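Data block below; observations after.
Where a number appears in this text, it was derived from the coordinates with a stated rule and is not lab data. Because the structure is predicted, anything quoted here is derived from the model rather than measured. Note that we place each Cβ from the backbone using ideal geometry, even for glycine, and neighbour counts take in every protein chain shown.
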Amino acid sequence: MKPVESNKTMTPPILRVHNLSVGYSSASNKVTPVLHSVSLEVAPQSIVGIVGESGCGKSTFALATVGWRAPKLVYLGGKVDVDGFNLLAAKPSVLRRYWGGRLAYVPQEVSTALNPSRRLGAQLDEPLILHTRMSRATRKRWILDFLAKVHIEADDNLLSRYPFELSGGQQQRVALAMVMMCEPDILVLDEPTAGIDATTRVDVIAALRESLRGKKTAVIYISHDLTEIASIADQVVVMYAGEIVERGPAFSVFASPRHPYSAALLASTPSVRDARMVQGIPGRPPGRIITDRCSFAERCSFVRNACIEGSPSLLPVAPDYEVRCVRASEIEIDLRRFCERQGLQQHIRSENPPLLELSGLNCVYRSGGTVIHAVKDVSLVVGRGEKLSIVGESGSGKSTLLHAIAGLHPPSGGTMFFQGRRLPGWSRQRHVDQHRLVQLVFQNPGRSLNPRHTVARILESPIRLFRPDIPRADRYLTASALLEKVQLSPTLLGRFPYQLSGGEKQRVALARAFAANPKILLLDEVVSALDVSVQAAMLQLVHSYSFETGASVLFVTHDLAVARVISDRIAVLQKGQICEMADAETLFLRPTHPYTITLLNSVLSRNSREGCQDGPKRGELT
Amino acid sequence: MPEPSKPYFYPERADVDSPGYRRSFLRFIAQRAALGIATLWVVSLVTFITTNLAGIDLAEAALGVRVTPEQLTIFRKQQGADQTPVKRYWVWLKNVSTGDWGLSLVGRGQRVSDLVKPRIGRTFVLALFALTLALPLALFFGILGARNANGLADTILSAIILVVSTLPEFVVALAVLYLLGVWVGILPPNSNAVSYGTAKEQVEAYVLPALSLALVLVPYSSRMIRASAREVLASPYIRSALLRGVSESRLLARHVIPNILGPIANVVALSLAEILVGDVVIENVFGFPGLGQLAVSAVNTQDLAVVQATVIISASSFILLNVAADAAVVLLNPRLRRLGV
Amino acid sequence: MVPIQRPTPFSILLRVARQFTATIQGRIGFLLIGMNVVIFVVGPYLAPYDPIETGVGPSAEAPSPSHLLGTDTLGRDILSRFLHGGATILFVPLAAVTLAFLIGGALGMASGYIGGLFGNLVARLLDVTLPIPPLLVALVVIARFGGQLWVMVAIVAAVYAPRIARILRAAVQNLTTMEYVLAAEARGESQTAIIFGEIIPNILAPLLVEYGMRLNFAVSFISSLNFLGLGVQPPSSNWALMVSESTTLIPTNPAGALAPMLGLTSLVVGINFLMDSLTQYLSDETSRV
């Protein structure tokens, strides 16, 4: 805390966002506001993390801070000052001198900044040509120096390559170098690691730290991932429905949030250090600006009359700490208790009688003349009522394994037994009970629900197939009961999938699986596309279903923290092979396989940031 | 929602970079060419069967009704009509591929190749002329439309393009003919001067048919260019480039054009192919003495040897240009060129 | 519980109608096609003269009370010819495209869903036949068999069937990897239930768009053949044929000369607008998904 403070008093902020309001104009020329009166100051050498669920206005804020102009983006008021120069009032020709020079912007998934049809040398050279007066030779030396900083040994050969001729991680680092090349005063990063594998993500963040070392750059870092923000930022801004609801020093916000929304976000974020269950936030973000009451009131568990009588303002609760909540001071202790996780996991050991046994399973893909071994010699046993997670990066074969169990990808070798009976490889050869008791839920609910069917029809098909006891006329009622089971309103029955949010769709998909009363749920990355609050609610649903019915769960995920929360045992899959399988506790405390250790190391943890309190210099951390 | 939520995690996919998965550039072209040859073979087969075997008597058609049986037999022998179909096809194919199309039945002993040759040249020049008119227009409209997508200019342009693209070619050609050829009257409405007129008359005779062809082409090609330019302009690297301070003109030249070169070349090749086949109608509207006009008159007079020749020539150039179009896309895209298709 | 209405056939019909007329373009298109269909159906009964009888009036006369659109060079009444000559413009292509869809549709869906050797065989066949330009096929076939209506229908059906098969094959292949189809397979639905319950509802709309586009191409294509004198032979009345017959009348009788061209144009523009409107609606819908 101290060093940050002293920095602040010494140097005035370089970026001042004052009462910024932004909207989008729609086809009918109506302007929908998405940001409402946002003010923020960023000092040189500080990193401000901005966090919130999707639809809260984060990305719009990122674009507005660099003065981005787009046909549909409407600036409704306020200003963005860089050293007293208002970007929003500037002419495009003037802005162009700022962009890429003093102001740098990093888009979602850093490497998308690279033009696929231009050689790296030309791309890296461009910002220097535009913003500096360096000679050709100096520029080249500068580029090589910068690439070395992000751990890329560059030579002429590398500079003459196209982006796709680098590995994924290298692309990210080169793109980062390109942005940092002109040593910007202000750096805005909008979800730079979205869509990147965990191990690569660590790489990107390390490269970012490396290139910020010793610089005076002021950074705005936007992410939906609390842990990522916690690991990198020293100031945190929590946004909700287009407004700042909490702003303060990172470690205090994460240790003891003052706004119910921040607390709820924390409570719904799984952590590798904490095996207890996460908690979802009911409802969904309003998706618009609310000015007549607290925008979070509908979903808040601390709501009082005062909350809906007027819109709360952002008030200081401590030095350099502001909260937008009328009850901020009185509920501090309640909030702290709220963040404590409830209910320890019931750990069911693998000694349970086996339900599903796989031995020596092999799966291949054939394309052209080549054979790709997606799953190699996998043997595992899932006990009755057990929750087993399969963790691996993209391409590790974890989805293929689930598809094989579900009968969608017949294995090329090995056997599967379910309830002691052999499970045929082809879905078509299976008995109706085997269809019923093994239920698969897919990763992308947008693709797993037929867009031409209503929710009612989607839920009725498993009822028709698996519940012959329910008469045709009652199927509709059963479907509506199923919706209530996944905490959705029965009014959704008449809707089509495109009329639902991502979280609602995934719940419908889960309800479709529940309809069969399965003995084992095969869940394929079911929460990876969802916001943390929705993800937490999904995990709770799965957990309670398993608890109530004694069903087993096979949970495929790339996210170790999620695996930690949901599972009794964890199997780590690398290139189609299980490299380590152990009880969740054991795996996290005493991993043995080198790959598991790499994966665990790639997890960003809040603690790397908490070290800040011990007082090391900023530069080393950021 | 102004801010679409992006999935944090991408789905698993097959390992496309593994050796053998991608076809190399040359192999891709070889495959396309082989396919083209197969297609051409099918065309030749269809042409041969319909014109030679399907119960028509070439001899009677050629020599008329008042002919003695002896004459018929001699003629058939000359034509090889007494052989087995397979043998006849083989001989026919050999002749055709060496450019020997036989004799025109209507032109009384004129060699088909002599009839066709000057027309190939004229039709080809007409096609190139039309292309040079159409391409700059298509580029201009396409990029303009992409740059202010759904704006006023784009909406108006799109509507016009939609209407023009719908019209049958002869309607477009007749409109051009009457507006410029008759009403304004500065250019000859009939293009037969191409084959005999003075140099000036010859050039003038090309203008209206070329303009009509260009009008038929522009909607299609500008739409293709608009689509690819729009896709590129919406890419994250374009926004990133702008946010690095790249000016509009530099953006177009260094960031957009390199990415749409492939599609442009593709459009050029396909347009040329389309013109070579599609100018049949327009040549007939203007009386342009090209391959298309010859084809139609041959069909009307049942001059089958000439029909065969025009069809096979058009089909070959069409297929060749299609292969070229495929090759252009791959050749001008560094990713496809280096990693394969 | 709130009672929820299940979709009825009528509500589905209403929804489809709304999809077609979602934009102004769609409404214009609907109107243009409607006008044409009225002419096709009612026109022959309203015609004052026999459309092919020559000399009902003086040759190439400008419009007058007895001949509202004037007469052509053979002294036939242009209005009567116009009222009779529309039907073949639409109905021949309609028959041809429908035939193409039946053949190509069955071939494409079967090869896409069944796959295997049969699927590959069909795919190769399509690869080879697709690049053949339709007009060239038409020239060869008409040179041999003449330009009767059934020849036209057969040519268009034969030339378009592979194109439709290709599109359907790709669509079905694409859909069978969709997770909702996999989900249906995993829960053990029958093949027919998967095809009719899961796949067909998703390809109907794009198929309809394709149908409209093909119809448009076919109208233009067959009209062009008729215009070139390769199809319908004189003296029968047909708008495209009338266009080529009456080009000389434009200076003296523009209304009569342009009427068939206008009818033809309004028809193709109408179809195109309607399809464009539907495409736009569909892309809006999918972008919402």
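Observations on the structure shown:
- Semi-axis lengths, Å, region B:157-274, gyration tensor of Cα atoms, sqrt of 5 times eigenvalues: 38, 16, 13
- For region B:219-338, the fraction of alpha-carbon pairs lying more than 25 Å apart is 44 percent, rounded to a whole number.
- Least to most buried among A:PHE164, A:PHE254 (fewest other Cβ within 10 Å first): A:PHE164, A:PHE254
- In nm, spacing of pseudo-spin labels at C:LEU125 and B:THR84 (7 Å Cα→C-beta vector): 2.6
- Rounded D (µm²/s) - region C:193-257, Kirkwood Rh over Cα pairs, Stokes-Einstein at 25 °C, 0.890 mPa s: 168
- Max mean-square fluctuation residue, GNM over chain B, Cα-Cα springs under 10 Å, options B:GLY245, B:GLY278, B:GLY290: B:GLY245
- For chain B, relative contact order (Cα pairs under 8 Å, six or more residues apart, normalised by length) works out to 26 percent.
- Ellipsoid semi-axes in whole angstrom, largest first, where each is sqrt(5λ) of the Cα gyration tensor of region A:385-505: 29, 20, 13
- Sites matching chymotrypsin sites (Phe, Trp or Tyr not before Pro) across region A:386-487 that sit in DSSP coil, with at most 15 neighbouring C-beta atoms within 10 Å: A:TRP426
- Rg(Cα) / (2.2 N^0.38 Å) computed for region A:24-101, rounded to two decimals: 1.17
- Unit charges at the beta carbon, dipole of the protein assembly as shown: most positive-side option, C:SER66, B:ASN150, A:VAL432: A:VAL432
- Computed over region A:210-264, the percent of Cα pairs more than 19 Å apart is 28.
- Think of each Lys and Arg Cβ as +1 and each Asp and Glu Cβ as -1; about the Cα centre, that makes the dipole of the protein assembly as shown roughly 1240 debye.
- For region B:142-206, the Kirkwood hydrodynamic radius comes to 14.2 Å, computed from all pairs of different C-alpha atoms.
- Counting only Cβ charges, +1 for Lys and Arg and -1 for Asp and Glu, the dipole size of chain A around its Cα centre is about 1360 debye.
- Applying a DSSP loop filter and a limit of 11 other Cβ atoms within 10 Å to the GluC sites (Glu not before Pro) in region A:133-218 leaves A:GLU153.
- Cleavage-rule hits (trypsin sites (Lys or Arg not before Pro)) in region A:10-73: DSSP loop, at most 16 neighbouring Cβ within 10 angstrom: A:LYS30, A:ARG69, A:LYS72
- Ranked by the mean number of other Cβ atoms within 10 Å of their residues, highest first, the peptides B:209-221, C:107-119 fall in the order B:209-221, C:107-119.
- Neighbour net charge for A:SER448 - beta-carbon separation under 9 angstrom, K R +1, D E -1: +2
- Equivalent ellipsoid dimensions for region A:143-234 as semi-axes, Å, which come from the Cα gyration tensor, largest first: 23, 16, 10
- Over region B:254-326, relative contact order from alpha-carbon pairs under 8 Å, at least 6 apart, %: 40
- Measuring against 18 Å, Cα to Cα, the residue pairs A:LYS30/A:LYS72; A:LYS376/A:LYS398; A:LYS30/A:LYS91; A:LYS149/A:LYS215; A:LYS387/A:LYS505; A:LYS79/A:LYS215 contain A:LYS30/A:LYS91; A:LYS387/A:LYS505; A:LYS79/A:LYS215 as the ones spanning a longer distance.
- Considering only C:PRO58, C:PRO44, C:PRO131, the Gaussian network model of chain C with Cα springs below 10 Å gives its largest mean-square fluctuation to C:PRO131.
- Note on region C:84-189: Cα convex hull, mean projected area over all directions, 8.7 nm².
- DSSP beta bridge pairing in chain A, given as percent antiparallel to the nearest 5: 60
- Under a Gaussian network description of chain B, with springs only between Cα atoms under 10 Å, the residue in B:ALA138, B:ALA153, B:ALA33 that fluctuates furthest is B:ALA153.
- When Rg and the Kirkwood radius Rh are both evaluated on Cα atoms of the protein assembly as shown, their ratio Rg/Rh stands at 1.02.
- Cα convex hull of chain C - mean projected area over all directions, nm²: 20.0
- Placing unit charges on the Cβ atoms of the charged side chains and taking the dipole of the protein assembly as shown about its Cα centre, the candidate lying farthest along the positive direction among A:GLY576, A:LEU314, C:MET178 is A:GLY576.
- Cα-based Kirkwood hydrodynamic radius, region C:13-137, one decimal, Å: 18.9
- Selection from A:ALA267, A:MET239, A:MET277, by position along the positive dipole direction of region A:233-286 (Cβ): A:MET277
- Debye log10 I(q)/I(0) for region C:73-127, one point scatterer per Cα, at q = 0.12, 0.16, 0.20 Å⁻¹: -0.50, -0.62, -0.77
- In a simple Cβ point-charge model (Lys, Arg +1; Asp, Glu -1; nothing else charged), chain B has a dipole of about 1040 debye relative to its Cα centre.
- Ranking of A:VAL432, B:VAL277 by count of other Cβ atoms within 10 Å, fewest first: A:VAL432, B:VAL277
- For chain A, alpha-carbon Rg and Dmax in angstrom: 26.0, 82
- According to the Kirkwood relation over distinct C-alpha pairs, the hydrodynamic radius of region A:218-313 is 14.4 Å.
- Summing Lys and Arg as +1 and Asp and Glu as -1 over all other residues whose Cβ lies under 15 Å from the Cβ of C:SER223 gives a net charge of -1.
- Estimated from helices alone, the mean residue ellipticity of chain A at 222 nm is -10000 deg cm²/dmol (sum of -39500 (n - 2.57) over DSSP H runs with n ≥ 4, per residue).
- Partner chain coverage, peptide B:167-176 - average Cβ within 10 angstrom: 6
- Taking other C-beta atoms within 10 Å as the exposure proxy, B:PHE124, A:PHE61 rank B:PHE124, A:PHE61 from fewest upward.
- With only Cα atoms counted, chain B has Rg and Dmax values of 25.4, 87 Å.
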